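S.K.: Got a structure for you, questions after.
All of the numbers you see were taken from the coordinates with simple rules; none came from a lab. The structure displayed is predicted, hence computed values, not measured ones. All Cβ positions, glycine included, derive from the backbone under ideal geometry; neighbour counts span all protein chains shown.
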Amino acid sequence: MIESLFQNILNALQWGSFYSLIALGYCLVYGVLLLINFAHGDIFMVGAYISFFVVTFLLGNFGLIPGLPHWAVLALAVPLVMILTAGVGVTLERIAYRPLRRKGAHRLYVVITALMCGLILENGNLALLGASRRNFPALVDETVITVGGVNMTVLKLAVIVVAVLSFLFLRKVVVKTKIGMAMRAISYDKFAVPLMGIPVDTVIVFTFVLGSGFAGLAGLLFAMTYPVLDPYMGAMIGWKAFIAAVVGGIGSIRGAFAGGFLLGFVEIMVVAFFPSTFRDLIAFTILLLILWRKPTGLFGVARRTKI
Amino acid sequence: MLSVENLHVRYGNIEALHGVSFTLERGEIVTLIGANGAGKTTTLHSIMRLPPPEAPRVTQGDIRFEGASILGVEPHDVVRRLGIGLVPEGRRIFGNLTVQENLTLATYARKDDSAAVQQDLGRVFELFPRLKERQRQLADSLSGGEQQMLAVGRALMSRCEVILLDEPSMGLAPLLMFDMFRTLKHLNEEGLTILVVEQNAKVALDFAHRGYVMDTGAIVAEGTSAELRADPSVKKAYLGG
Ligand SMILES: Nc1ncnc2c1ncn2[C@@H]1O[C@H](COP(=O)(O)OP(=O)(O)O)[C@@H](O)[C@H]1O
Ligand SMILES: [Mg+2]
């Protein structure tokens, strides 16, 4: 009994890690721009596909380079995937959101644009790569270790550690660095930021780099853990991560992080006691109740401070 | 140093300035006075090249700094490359940052080391000791007068040579207001060029060397402070008879 509890907690932490990593990106962009970047889940999906191609390439499976050992593939894949996925996020910002911002468009149009960008990424992928699913090559040893009756893999633990470290890193950036200070300043009053000699667009690009980079990292870890990729994999998990960010208190980094884990826990615990077809129904009912009690989310505050 | 030439600007399709011209020389204190809605803030935002939606679009005329047009300059470059600072109407300090963060944020783009930043910080704290006492507090918690000090301090931290002030007296108790103008006068004697926009014409003319009177998007009178004070129409409209 106690073992199955620990097992469930571990599983919840791992699921929660994916939600958290994606929710952090929603949160950063929302905090700075008040833009709900609905394409973010699909950026995660693109991150997973980028991971597929980067890893396949580095393993030498395309025959372009002699294959590298697995540890080297992993060490190179992490920065490469993050940089390339960040590039995708920045490209969206550049061609879709910035022109609207320049024209002073109403937020509604920007959100619709974000939704469309997500659909374009999904269907662009479908058109380009076809509907067949991709199998992600195995990179790490997946032997199951059993400690006190609880099953775990190195990968499972690594996912949790990476999520926690990512949170600490992002928090540090936002709280301690000058660019983080500029991000907080934009979230409070965008008008006065250029008056400080700060190029607002540069700070916004940096925000997208962070958000998308970590979505890419989530994509890599997800592909390693659940090695079947399809173009719609980002849609559902993206929506859920978004809801997690809102329940945590959108705009608060701590909230996004906690919200992701909360959703992970609720889902796993529901499955532990109910048939798995009930999972989303009960999970979202619980989240609805939380929002009903606390509309600003767990860590959200009803003031203008974001992130 | 700064000259605005026949400036016409629009918000959407509505023209807000209909050919405004004035100049500001190095070392001067110049004031732009006029009633609410005259176009004073619009003029300052045009000079700062602020982006939409706040900013008006220039349809005719020019703004020159040291002889060169600045219409194509980005707002952050107006601050950091040209050294023009704005203390906006309503202060617009960052309430979610501490006093010290507000001040260091203005050094964002500066390439010099933290020693120089510390030195500037010391200078601002010397001018406004209240800010030093409150440096670790959130700027939200400051009183109106302290927020105004912070807004001016922030502009100084960006090392501006010209400072544009949009209604600095607004909402300040008389004592605080005189303190603020005394400090600004002192900064001017040290070389800071000042353009101050005011509805409170009496205070502004006492403070400035020269002034322009603005009405519904146009300059309607200009002269030294003494001349404007003696002008019957200015007297009647802005100085209470
Ligand atoms: N953002 C804006 N959009 C549309 N019209 C504006 C905007 N800001 C100011 N105006 C209009 O421009 C005119 C001048 O306003 P403003 O420059 O704020 O005057 P002042 O600062 O002298 O009180 C007013 O008629 C005002 O309604
Ligand atoms: Mg005004």
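S.K.: Suppose we keep just the DSSP beta bridges with both residues in chain B; what percent of those would be antiparallel, to 5?
M.R.: DSSP beta bridges in chain B are roughly 55 percent antiparallel.
S.K.: Using the Cα centre of the protein assembly as shown as origin and beta-carbon charges of +1 (Lys, Arg) and -1 (Asp, Glu), tell me which of A:95, A:7, B:232 is placed farthest towards the positive end of the dipole.
M.R.: Looking along the dipole axis, the top candidate is A:7.
S.K.: With θ set to phi - 60°, apply the Karplus curve 6.51 cos²θ - 1.76 cosθ + 1.60 along the range A:201-217 and write out the HN-Hα couplings as whole Hz, x wherever there is a Gly or Pro.
M.R.: Using θ = phi - 60°, the values come out as 4, 4, 5, 5, 4, 4, 4, 5, 4, 4, x, 6, x, 6, 5, x, 4 Hz.
S.K.: Still on this structure: What's the local net charge at residue B:213, with K and R +1, D and E -1, over the other residues with C-beta under 15 Å away?
M.R.: Residues close to residue B:213 contribute a combined charge of +1.
S.K.: Taking the Cα centre of the range B:90-160 as the origin, how large is its charge dipole in debye, to the nearest 20, when only Lys and Arg (+1) and Asp and Glu (-1) carry charge on their Cβ atoms?
M.R.: Taking the Cα centre of the range B:90-160 as origin, the dipole is about 140 debye.
S.K.: Mind checking the full-extension length gain between residue B:26 and residue B:11? Use 0.36 nm per residue of separation minus the Cα-Cα distance, one decimal, nm.
M.R.: Once the chain is fully extended between residue B:26 and residue B:11, it gains 2.4 nm.
S.K.: How high is the relative contact order of the range B:90-160? Use alpha-carbon pairs under 8 Å, at least six apart in sequence, and give a whole percent.
M.R.: 54 percent
S.K.: Please check which bits of the range B:170-211 a label hung off residue A:189 would reach, taking the label as a point 7 Å along Cα-to-C-beta and the cut-off as backbone N under 16 Å.
M.R.: Counting only backbone N, you get B:170-172.
S.K.: List the extent of the Cα atoms of the protein assembly as shown along each of their three principal axes, largest first, rounded to whole Å.
M.R.: Computed over the Cα atoms, the extents are 92, 47, 44 Å.
S.K.: So if we plug the beta-carbon distance of residue A:288 and residue A:6 into 1/(1 + (r/R0)^6) with R0 = 25 Å, what FRET efficiency do we get, rounded to 0.05?
M.R.: The value I calculate is 0.30.
S.K.: Would you work out the relative contact order for the range A:195-273, in percent, from Cα pairs under 8 angstrom that are 6 or more residues apart?
M.R.: Here the relative contact order equals 14 percent.
S.K.: With an 8 Å Cα cut-off and a minimum separation of 6 or more residues, compute the relative contact order for the range B:16-147 in percent.
M.R.: Relative contact order for the range B:16-147 comes out at 19 percent.
S.K.: Right, next: Once you charge only the Cβ atoms, +1 for Lys and Arg and -1 for Asp and Glu, what is the size of the charge dipole of the range B:69-221 about its Cα centre, to the nearest 20 debye?
M.R.: The dipole magnitude comes to about 220 debye.
S.K.: Sticking with this one: Would you mind getting me the FRET efficiency between residue B:224 and residue A:108? Use the beta-carbon distance for r and R0 = 60 Å, nearest 0.05.
M.R.: Calculated transfer efficiency: 0.70.
S.K.: How many partner chain Cβ atoms sit within 10 Å of a residue's Cβ in peptide B:71-80, on average, as a whole number?
M.R.: 4
S.K.: Sticking with this structure for a sec: Between the range B:28-52 and the range A:140-187, what's the alpha-carbon centroid distance in Å?
M.R.: Between the Cα centre of the range B:28-52 and that of the range A:140-187, the gap is 49 Å.
S.K.: With the dipole of the protein assembly as shown worked out from charges on the C-beta (+1 for Lys and Arg, -1 for Asp and Glu) around the Cα centre, which of B:63, B:103, A:270 lies farthest toward the positive end?
M.R.: A:270
S.K.: Pull up all non-local amide H partners of residue B:19: gap of 5 or more, or a different chain, and H-to-H distance under 5 Å with H placed in the peptide plane.
M.R.: Answer set, sorted by chain and number: B:7, B:8, B:9.
S.K.: Suppose R0 equals 41 Å; then what is the FRET efficiency for residue A:68 and residue A:236 from their Cβ-Cβ distance, rounded to the nearest 0.05?
M.R.: 0.80
S.K.: What 222 nm value per residue comes from the helices of the protein assembly as shown, counting each DSSP H run with n ≥ 4 as -39,500 (n - 2.57) and dividing by all residues, nearest 500 deg cm²/dmol?
M.R.: Mean residue ellipticity at 222 nm (helix-derived): -18000 deg cm²/dmol.
S.K.: For the range A:132-278, build the charge dipole from Cβ charges (+1 Lys, Arg; -1 Asp, Glu) around the Cα centre, then report which of A:195, A:215, A:251 sits farthest towards its positive end.
M.R.: A:195
S.K.: Taking the Cβ of residue A:260 as the center, what net charge do the other residues with Cβ under 15 Å away carry, scoring Lys and Arg +1 and Asp and Glu -1?
M.R.: Its environment carries a net charge of +2.
S.K.: Evaluate the distance, in nm, between pseudo-label points positioned 7 Å from the Cα of residue B:199 and of residue B:3 along their respective Cα→Cβ axes.
M.R.: Taking the simple label geometry, residue B:199 and residue B:3 are separated by 3.3 nm.
S.K.: Over all pairs of distinct alpha carbons, what does the Kirkwood formula give as the hydrodynamic radius of chain B, in Å?
M.R.: Result for chain B, one decimal place: 18.3 Å.
S.K.: When Cβ neighbours within 10 Å are restricted to other protein chains, what is their mean count per residue of peptide A:185-192?
M.R.: Per residue, the average neighbour count from other chains is 6.
S.K.: Under 5 Å between amide H atoms, partner at least 5 residues away or on a different chain: which partners does residue B:86 have, H built in plane at 1.01 Å?
M.R.: Residues meeting the criterion, in which the H sits 1.01 Å from N, are B:164.
S.K.: Here's something else I'd like to know. Among all the lysines, which ones have a C-alpha under 19 Å from residue A:240's C-alpha, if same-chain residues fewer than 8 places away are not counted?
M.R.: Reachable lysines: A:294.
S.K.: Highest mean first, what order results for A:80-87, A:238-245, A:37-44 on Cβ atoms within 10 Å?
M.R.: The packing order, highest mean first, is A:37-44, A:238-245, A:80-87.
S.K.: Shielding by partners for B:97-109, please: the mean number of other protein chain Cβ atoms within 10 Å of each residue's Cβ.
M.R.: Rounded to a whole number, the mean comes out at 4.
S.K.: Give, to the nearest whole percent, the P(r) tail of chain A beyond 38 angstrom, counting all Cα pairs.
M.R.: Roughly 13 percent, once rounded to a whole number.
S.K.: Compute, for the protein assembly as shown, the length of the dipole vector about the Cα centre, with Cβ point charges of +1 (Lys, Arg) and -1 (Asp, Glu) only. Units Debye, rounded to 20.
M.R.: Charge dipole of the protein assembly as shown: 700 debye, to the nearest 20.
S.K.: If you don't mind, another one. Considering only B:108, B:212, B:11, give the residue with the highest GNM mean-square fluctuation for chain B, with springs between Cα atoms whenever their separation is below 10 Å.
M.R.: B:108
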